[in-house]
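Engineer: Sharing a structure, written as structure tokens. Questions coming.
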Amino acid sequence: MNRLFSALAAACRNRMGRATAVLLPVVLACPDATAWLTRIDDDGTLESLPAIVQTRCTTCHRPGGGAPFALAAPEDFRRRLRQIDEVLARDLMPPWPLDPGAVRMIGDAIALRPQERARLRRWLAEGAPDESFVRPSAPGSAAEAIADDVDGEARPPDLLLRQEAPFTVPAEGVLVTRSFVLPVPASAMSLVQRIEVRPSHPEVARHALLSIDLTGSGRMLEKADPDPGYPAPGDMGLTPAGAFGGWSIGSGANRLPAPFVRAVPGASDLIVQFDFHPIGREVPFTFEVALWCALPCEWSDALVPVAAGSLVIDLAPGERGAVVEETFELPVAAALVEILPHAGAAAVGVEVLVEPPGDAARAVLAARRWHPDWHRPFTFRHPPELPARTRITARIHFDNSPDNPSNPFDPPRRVRLGHGPGFEQGLVLLQFAPADAAERPHLERLHRDLYLARIRARQGWQRSQGSDLPARSTEAPVRR
């Protein structure tokens, strides 16, 4: 491990003027910026209105955040009383699709508890008076530590990758998918526990999915395009998009619980896939990715991705109740550390169930109000340890009817596999850490076998249809 951090002190490099990498020294600091959050009840409910706003709202609603306006003081709420009350009543904000407290995830501090939602709405009904928005004079006891969900890492990152050549997000049009290549310095063979994506204009970026490319395919695609990046998803061969984590508005940094880490091979490429939505003006978009190494840790703690789902998606206009589902058996004992759903506008719910041998199935993830902007990893605070032969089921529910508020077309149109409005994804990426490092190849083989089986099923379905189908939408959404 000493050799690792000696390597991280080496010089960085700059390739083709598009992306740079900066290796930064480790500086430890422990500021207590959230002491004023004070009391947290046993169910995670915050006691004061300022604490609720600071923790659940200003992650996005701040200058430079992904939301279109700030919410930091009573006057900010008074400008939009009716609008804010409506999204609270419909449970649209904050953007956390899981039930609070059901299974604890890193980052779930953003989720409003029912008591907090009711208190905010009462305050709004009163006109958001200043006198009710008072910080307690002294901190009290806390049932859980949430500072790490609210604040960033205290020390600077160990590796900083920058996309400096701006990509111009168009002023108009449909959803834009763009992947960017960030070269990892040859000296930066490291184990990463925390990742933070820092977009220059989060208002145009729906979400980002990260992957490691060892093949050089991303470089070739980028070189062939005159603009920064390339117009395609970031999947590289058997490596699914998001296998190295992800980001969405309000998600903050992607942190793994100790001792689990992500492996970053030196001289590899970090592929960052963004989905952009035009906002009526051209936006010169750049970003950087900050990575924090874990110390101490071992290569045996690095995660192994396994994807489940289907590549056969064909939803008729108005179709309700369609389900994509795949079940597999875990070949070795492993911890389930993280889950990242890949589902778009037609999806309305995502479930992952585990069934250990001789035990009943239980849900470890249940998102009953899915939204296409919530492509983000859900990382367990305490990853469940699963024995060998545990059955795992990943399930995505779809609704291609007018009743689905995320449906971009009215009247609905046929939805198939692909990217963009009118197309859909149906995969769930699960990240495992085997109990025995020697058994990692069994998980890698499982991922490969599932992937090839899905490809064969897709090819058979295409033959039954008589022709291949396009994988990208060229139609503008129409929602009246």
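The values are calculated or read from the model by the stated rules, or taken from the named source; none is laboratory data. Predicted model, so just to flag it, every value in this text is computed and none were measured. As a convention, Cβ positions derive from the backbone with ideal geometry for all residues, glycine included, and neighbour counts pool all protein chains shown.
Engineer: Residues being part of a helix (DSSP H, G or I) and touching an Asp or Glu at 6+ places or on another chain (Cβ under 8 Å): count how many of those fall in segment 76-114.
Structural biologist: 3
Engineer: What are the pairs, 6+ residues apart or on separate chains, where a residue within segment 316-340 that is farther than 25 Å from PRO97 by Cα has its Cβ under 6 Å from a residue that is polar (S, T, N, Q) and crowded, with 16+ Cβ neighbours inside 10 Å?
Structural biologist: Cβ pairs passing all conditions: LEU330/THR390.
Engineer: Of all residues in segment 400-430, which are acidic (Asp, Glu) and part of a loop (DSSP other than H, G, I, E, B)?
Structural biologist: ASP403, ASP410, listed by residue number.
Engineer: Something else: Can you work out which of the residues in segment 405-455 that are free of Cβ contacts under 8 Å to residues at least 60 places away in the same chain and buried (at least 17 other Cβ atoms within 10 Å of the Cβ) is nearest to PHE380 (Cα to Cα)?
Structural biologist: The selected residue is GLY418.
Engineer: Sort through THR55, THR59 and tell me the only one that's under 18 Å from GLY250 (Cα atoms), part of a helix (DSSP H, G or I) and of a type outside the set (Gly, Ala, Ser).
Structural biologist: Working: THR59 fails: part of a helix (DSSP H, G or I).
Being under 18 Å from GLY250 (Cα atoms), part of a helix (DSSP H, G or I) and of a type outside the set (Gly, Ala, Ser) holds for just one of THR55, THR59, which is THR55.
Engineer: With the structure loaded, tell me whether LEU88 is farther than 30 Å from SER187 by Cβ, in contact with a Cys (Cβ under 6 Å, 6 or more places away or on another chain), modelled with pLDDT of 50 or more and not assigned by TED's automatic domain parsing to the domain that holds ALA267 or whether it fails that test.
Structural biologist: No.
Engineer: Test THR379 against the criterion of being under 17 Å from the mean Cα position of the chain (by Cα), polar (S, T, N, Q) and either surrounded by 23 or more Cβ atoms within 10 Å (Cβ to Cβ) or in a strand (DSSP E or B) (or both), and give yes or no.
Structural biologist: Yes; evaluated as a whole, the condition is true for this residue.
Engineer: So which of LEU160, LEU175 ends up being outside the structural domain of LEU71 (by TED's automatic domain parsing) and modelled with pLDDT under 90?
Structural biologist: Sole residue among the options that is outside the structural domain of LEU71 (by TED's automatic domain parsing) and modelled with pLDDT under 90: LEU175.
Engineer: Of all residues being touching a Phe, Trp or Tyr at 6+ places or on another chain (Cβ under 7 Å) and closer than 13 Å to GLU288 by Cβ in segment 152-179, which is surrounded by the fewest Cβ atoms within 10 Å (Cβ to Cβ)? Just the residue, please.
Structural biologist: PRO166
Engineer: Report, by residue number, each residue of segment 329-348 that is in contact with a strand residue (DSSP E or B) (Cβ under 7 Å, 6 or more places away or on another chain), buried (at least 19 other Cβ atoms within 10 Å of the Cβ) and not β-branched (Val, Ile, Thr).
Structural biologist: Listed by number, the residues that qualify are LEU330, ALA334, ALA335, LEU336, GLU338, LEU340, PRO341, HIS342, ALA343, GLY344, ALA346, ALA347.
Engineer: While we're here: Among the residues of segment 222-263, which ones are closer than 30 Å to CYS57 by Cα and among the hydrophobic types (A, V, I, L, M, F, W, C)?
Structural biologist: ALA241, ALA243, PHE244, TRP247, ILE249, ALA253, LEU256, ALA258, PHE260, VAL261, listed by residue number.
Engineer: Among the residues in segment 270-282, are any modelled with pLDDT of 95 or more and basic (Lys, Arg)?
Structural biologist: For segment 270-282, residues modelled with pLDDT of 95 or more and basic (Lys, Arg): present.
Engineer: On to the next question. Which residues, counting only those in segment 404-431, are under 14 Å from ALA322 (Cα atoms) and charged (D, E, K, R)?
Structural biologist: The answer is ARG414, ARG416, GLU424.
Engineer: For segment 180-196, which residues satisfy the criterion of being within 30 Å of ASN407 (Cβ to Cβ) and surrounded by fewer than 22 Cβ atoms within 10 Å (Cβ to Cβ)?
Structural biologist: Going residue by residue through segment 180-196, those that are within 30 Å of ASN407 (Cβ to Cβ) are 180.
Within segment 180-196, none qualify.
Engineer: Here's a follow-up. Would you pick out the residues in segment 402-433 that are among the charged types (D, E, K, R) and within 15 Å of HIS342 (Cα to Cα)?
Structural biologist: Passing the criteria: ARG416, GLU424.
Engineer: Moving to a separate point now. Please determine whether any residue of segment 266-288 is over 28 Å from VAL174 (Cα atoms), charged (D, E, K, R), within 18 Å of the chain's Cα centre (by Cα) and part of a strand (DSSP E or B).
Structural biologist: no
Engineer: Just checking, how many residues over segment 169-185 are within 27 Å of PHE409 (Cβ to Cβ) and either without any contact (Cβ under 8 Å) to a residue 40 or more places away in the chain or assigned to a strand (DSSP E or B) (or both)?
Structural biologist: 5
Engineer: Which residue out of GLY252, GLY234, GLY229 is over 24 Å from LEU417 (Cβ atoms), in contact with a helix residue (DSSP H, G or I) (Cβ under 9 Å, 6 or more places away or on another chain) and either modelled with pLDDT of 95 or more or surrounded by 20 or more Cβ atoms within 10 Å (Cβ to Cβ) (or both)?
Structural biologist: GLY252
Engineer: For the condition buried (at least 22 other Cβ atoms within 10 Å of the Cβ), touching a residue at least 24 places away in the same chain (Cβ under 8 Å) and either over 18 Å from THR177 (Cα atoms) or hydroxyl-bearing (Ser, Thr, Tyr) (or both), what is the one hit in SER211, SER200?
Structural biologist: So the residue among SER211, SER200 that is buried (at least 22 other Cβ atoms within 10 Å of the Cβ), touching a residue at least 24 places away in the same chain (Cβ under 8 Å) and either over 18 Å from THR177 (Cα atoms) or hydroxyl-bearing (Ser, Thr, Tyr) (or both) is SER211.
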